[in-house]
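> The structure is given below, and queries will be raised subsequently.
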Amino acid sequence: MLHSGEIYTSPPIALAVATAITDVEVVLSPEEVAEEQIKDQEKQRVLGVIPNFYVTYVPDPVPLNARQKFGLAWKTTIDPVTLILNGGVAGVEQATNQFSGYGQGAEGYAKRFGASYADTISSTFIGGAILPSLLKQDPRYFYKGTGSTRSRILYALANSVICKGDNRRWQPNYSGILGALASGGLSNLYYPSTDRDGLGLTFENALIGIGQGAAANILQEFVIKKLTPKLPNQGPPKPQSGVVTGSGVVSEGK
């Protein structure tokens, strides 16, 4: 209280404002996590050479979207090793005069190579991309790696006719079975007429494909992982973290 003529000088007053600190955790979206897992799968090569893209060693991988399924099929079919393997198959067929309607010489070899590569493309895209996208199924083999030998063998055999859906539930492998039938049916268009057998050849090729898939799954469970160097990290991606100050600047980011 001041009266007329009185003067009072107050000391400086300062208000202390505490700095707001907030921990922020940045989590990848499911699509981004799947993309990272695919990149790891595309590094999987048996003996460091042969593509092993369609198996995941992650305990609970994120389902793939349609674009990722087609991308995986594309990279598998254009891989140089895929071309070399088909070239080897064509060479064996020519040496044994299989599909004699193609003839011999360079022309015969080219036809055999084209047919073998067409089989690879049709089976990979139809059974590994087109139908899995339409039916929302995962075309990959989910490595088990635990349990008794008998349980792992049964699991591998069953995976030739069942698969995981994009909802992460087990279901009949319509994509693989119908894909094998479709690929077998298409083969009637380019194999020599003397080697075509209509529905007989279609179902024969489909059954052979299913049997080959079962055998490949058993190898995946017990052999191929040991021969595949540089396996991906089998844990989930680590989240990004940092500290945000009151000014909105991340002071410690990782």
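Every read-out reported here was derived from the displayed coordinates using simple, explicitly stated rules and does not represent laboratory data. Values in this document were obtained by computation on a predicted structure and should not be read as measured data. Here the Cβ positions follow ideal geometry from the backbone for every residue, glycine too, while neighbour counts run over all protein chains shown.
> Taking H as built 1.01 Å from N, whose amide H comes closer than 5 Å to the amide H of VAL46, not counting residues under 5 places away?
It is ASN52, by chain and number.
> Still on this model: Within the range 48-90, what residues put their amide N at less than 13 Å from the label point 7 Å along the Cα-to-Cβ vector of SER29?
65
> Let me ask something else about it. Taking chymotrypsin sites (Phe, Trp or Tyr not before Pro) that fall in a DSSP loop and have at most 16 other Cβ atoms within 10 Å as cut points, what is the longest piece of the chain between them?
Between the exposed loop sites, the longest stretch runs 9-189.
> So if R0 is 45 Å, what FRET efficiency would LEU15 and ASN65 give, r being the distance between their Cβ atoms, rounded to the nearest 0.05? Please list the in-between numbers first.
Values: r = 53 Å, r/R0 = 1.18.
Efficiency for this residue pair is about 0.25.
> Right, something else. HN-Hα J couplings of the range 121-133 from phi, Karplus 6.51/-1.76/1.60, θ = phi - 60°, integer Hz, Gly and Pro as x?
Values per residue, Gly and Pro as x: 5, 5, 5, 5, 6, 6, x, x, 9, 5, 5, x, 6 Hz.
> Each residue of the range 94-106 in order: what ³J(HN,Hα) in whole Hz does its phi give by Karplus 6.51 cos²θ - 1.76 cosθ + 1.60, θ = phi - 60°, with x for Gly and Pro?
Result, rounded to whole Hz: 5, 5, 9, 6, 6, 6, 4, x, 6, x, 10, x, 4.
> So, one more: For the chain, give me the percentage of DSSP beta bridges that are antiparallel, rounded to the nearest 5 percent.
Counting DSSP beta bridges with both partners in the chain, the antiparallel share is about 90 percent.
> So which trypsin sites (Lys or Arg not before Pro) in the range 101-179 pass both tests, a DSSP loop state and at most 12 other Cβ atoms within 10 Å of the Cβ?
ARG168, ARG169
> ILE162's amide H: which non-local residues (gap 5+, or another chain) put their own amide H closer than 5 Å, with H modeled 1.01 Å from N in plane and none for Pro or chain starts?
Under 5 Å from the amide H of ILE162 lie the amide H atoms of ASN173, each far enough along the sequence or on another chain.
> Let me ask another. Helix-derived [θ] at 222 nm for the chain: sum -39500 (n - 2.57) over DSSP H runs of at least 4, divide by residue count, nearest 500?
It lands at -14500 deg cm²/dmol.
> Which ³J(HN,Hα) values, rounded to whole Hz and listed in residue order, are derived for the range 168-183 from phi using the Karplus coefficients 6.51, -1.76 and 1.60 in 6.51 cos²θ - 1.76 cosθ + 1.60 with θ = phi - 60°, glycine and proline given as x?
Once rounded to whole Hz, the list reads 6, 10, 6, 7, x, 7, 4, 4, x, 5, 5, x, 5, 5, 5, 5.
> In nm, give the distance between the simple-model label positions of ASN188 and MET1, each being 7 Å from the Cα along the Cα-to-Cβ direction.
Those two pseudo-labels are separated by 11.1 nm.
> Quote the convex hull volume per residue of the range 22-253, based on C-alpha atoms, as a whole number of Å³.
In the range 22-253, the Cα convex hull volume per residue is 156 Å³.
> Could you sort out which of LYS69/LYS226; LYS43/LYS225; LYS75/LYS136 sit more than 24 Å apart by Cα distance in this structure? All intermediate terms of the calculation are to be shown ahead of the outcome.
On the way: LYS69/LYS226 26 Å; LYS43/LYS225 13 Å; LYS75/LYS136 20 Å.
Violating the 24 Å limit, Cα to Cα: LYS69/LYS226.
> If amide hydrogens are placed 1.01 Å from N in the peptide plane, which non-local residues have theirs closer than 5 Å to the one on LYS144?
Here the answer is none, since no amide H 5 or more places off falls under 5 Å of that of LYS144.
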